[in-house]
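The values are calculated or read from the model by the stated rules, or taken from the named source; none is laboratory data. What you see is a predicted model; the values in this text were computed from it and never measured. All Cβ positions, even for glycine, are placed from backbone atoms using ideal geometry, and neighbour counts span all protein chains on display.
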Amino acid sequence: MTTSPEATDLVDQDAGPTKRVLLAKPRGYCAGVDRAVVTVEKALETYGAPIYVRKEIVHNRHVVDTLSERGVIFVDETDEVPEGALVVFSAHGVSPAVHEEAAKRNLRTIDATCPLVTKVHKEVHRFAREDYDILLIGHEGHEEVEGTAGEDPDRVQLVDKPEDVDKVEVRDPNKVVWLSQTTLSVDETMERVDQLKERFPDLQAPPSDDICYATSNRQHAVKAMAPECDLVIVVGSQNSSNSKRLVEVALQAGASDSHLVDFASQIDEAWLEGVTTVGVTSGASVPDVLVMQVLDHLAERGWNQVDEVTTANEKVTFALPRELRKDLDSNPDKPRGVR
Ligand code: 10G
Ligand code: SF4
């Protein structure tokens, strides 16, 4: 594989333009997803099935199905978990009300919330303590937004669609801050911020970016390759916010067409008609084996040349949750997990 973002079309006079794949890097698992999935795997090995997980540990069909087969029971709320059992909270984070509910039912908990989501929760605390009105840019109904807003529902107002900006009411226009969901489109978020600034010129920005490194790196990589692509295939699930954003970013950046698929088998043959260059990427919750299956599927149809388009090298890792680490440390003979 080569790593040039600017590879040009190779033209064979007889065979027509060479079919090729541009493969985005970075793509797939971010550090928070890796930590959350390993947390569930190690909990299974350490404590044995069944392990309960509140909501999908990450928004990926394959991950959820695979863990279910290994003895994980996914529930919507903690009241579905038997008293005293072990429940893992998903990477998207939970509100304090969920922690309280779990404590009331005597549940043992492991919190797999990504540390970068926890960072945003802490920002809510800090600005609420300083008596700010907090405008949280994010998608209504998304679990992350519910968890973050739940840190202080009286102080936080959600801004999702452009029309939400007009609905915002603040007590003091000089004491307003915007925060955001970690997996939004960088460009769309800045549009919303500009809109908010028209109403609140003194609007304060988050102390550091809330949209995380993984989200922005994956969008940057897809932007680099999209102008050269007749089609961009994004591997990811329909309920994965960051994966859906990659389809939108690809189209906005000049890809002629783009689709989200969970599995290679969902690629419609009609999408490939008349296509020379196919871009491939994946959301932050997607195991790379699914991307490799898409490459195999394309190779079987003549897209054998794969050029990797590298725009960043990620080295971020997070330690496992403390609640789990202490049991792993006290059980050195327990298997450490195979990924
Ligand atoms: O992109 P969303 O937030 O829907 O989640 P995902 O599980 O598909 O990807 C990983 C991102 C998170 C865990 C949210 S911080
Ligand atoms: Fe953490 Fe970002 Fe991954 Fe979400 S997308 S789990 S915030 S690293």
Just one of (1) under 26 Å from G283 (Cβ atoms); (2) surrounded by 14 or more Cβ atoms within 10 Å (Cβ to Cβ) trips up P162, so point out which.
(2)
Could you tell me whether any residue of the stretch 104-113 is closer than 23 Å to D194 by Cα, out of contact with any strand residue (DSSP E or B) (no Cβ under 8 Å at 6 or more places or on another chain) and either of a type in the set (S, T, N, Q) or within 16 Å of ligand 1 (Cβ to nearest atom) (or both)?
no
Quick one: what pairs do we get from the stretch 22-35, first residue in contact (Cβ under 8 Å) with a residue 40 or more places away in the chain, second assigned to a loop (DSSP other than H, G, I, E, B) and more than 16 Å from ligand 1 (Cβ to nearest atom), C-beta under 6 Å, 6+ apart or different chains?
P26/A312
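Just to check your reading of the model, which residue among T46, T18 is surrounded by fewer than 21 Cβ atoms within 10 Å (Cβ to Cβ) and at pLDDT below 95? Working first, answer last.
Details: T46 fails: at pLDDT below 95.
Only one candidate passes the filter, namely T18.
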Quick one: would you say G141 is within 16 Å of ligand 1 (Cβ to nearest atom), assigned to a loop (DSSP other than H, G, I, E, B), within 19 Å of S241 (Cα to Cα) and among the small types (G, A, S)?
yes
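In the stretch 155-187, which residues are away from ligand 2 (no atom under 16 Å from the Cβ), within 23 Å of F89 (Cβ to Cβ) and either of a type outside the set (A, V, I, L, M, F, W, C) or part of a helix (DSSP H, G or I) (or both)?
So the first thing to find is which residues in the stretch 155-187 are away from ligand 2 (no atom under 16 Å from the Cβ), and the list is 155-178, 187.
From the residues that got through so far, the ones that are within 23 Å of F89 (Cβ to Cβ) too are 155-156, 158.
Within the stretch 155-187, R155 is the sole residue that qualifies.
Sort out which residues of the stretch 261-278 are within 28 Å of E56 (Cα to Cα) and away from ligand 1 (no atom under 15 Å from the Cβ), and write them in order of number. It would help to see each step written out before you state the result.
Step one: list which residues in the stretch 261-278 are within 28 Å of E56 (Cα to Cα), which gives 261-268.
Result: F263, A264, S265, Q266, I267, D268.
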From the options S265, S285, S243, residue that is assigned to a helix (DSSP H, G or I) and crowded, with 22+ Cβ neighbours inside 10 Å:
S243
So which residues in the stretch 209-227 are over 18 Å from R27 (Cα atoms) and in contact (Cβ under 8 Å) with a residue 40 or more places away in the chain, if there are any at all?
D210
Which numbered condition R129 fails, given (1) buried (at least 22 other Cβ atoms within 10 Å of the Cβ); (2) over 24 Å from V37 (Cα atoms):
(1)
Can you tell me how many residues in the stretch 98-119 are within 16 Å of ligand 2 (Cβ to nearest atom), touching a Ser or Thr at 6+ places or on another chain (Cβ under 8 Å) and not in a helix (DSSP H, G or I)?
4
First in the stretch 152-170 and over 14 Å from D133 (Cβ atoms), second anywhere and surrounded by 15 or more Cβ atoms within 10 Å (Cβ to Cβ), Cβ under 6 Å, 6 or more apart
D160/H139
Determine whether H259 is in a helix (DSSP H, G or I) and either more than 13 Å from the chain's Cα centre (by Cα) or touching a residue at least 40 places away in the same chain (Cβ under 8 Å) (or both).
no
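Of everything in the stretch 88-106, what is surrounded by fewer than 20 Cβ atoms within 10 Å (Cβ to Cβ), touching a helix residue (DSSP H, G or I) at 6+ places or on another chain (Cβ under 8 Å) and in contact (Cβ under 8 Å) with a residue 40 or more places away in the chain? Give them in sequence order. Can you show your working first?
Our first condition is that a residue be surrounded by fewer than 20 Cβ atoms within 10 Å (Cβ to Cβ); within the stretch 88-106, this holds for 95-97, 99-101, 103-106.
Then keep just the ones that are touching a helix residue (DSSP H, G or I) at 6+ places or on another chain (Cβ under 8 Å); that gives 95, 101, 105.
Residue satisfying the conditions is S95 alone.
When the stretch 81-137 is examined, which residues are found to be of a type in the set (K, R) and over 23 Å from L67 (Cα atoms)?
So the first thing to find is which residues in the stretch 81-137 are of a type in the set (K, R), and the list is 104-105, 108, 119, 122, 126, 129.
Answer for the stretch 81-137, where residues must be of a type in the set (K, R) and over 23 Å from L67 (Cα atoms): K104, R105, K119, K122, R126, R129.
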Which of the residues belonging to the stretch 178-205 are surrounded by fewer than 22 Cβ atoms within 10 Å (Cβ to Cβ), touching a residue at least 40 places away in the same chain (Cβ under 8 Å) and over 18 Å from D164 (Cβ atoms)?
Q204
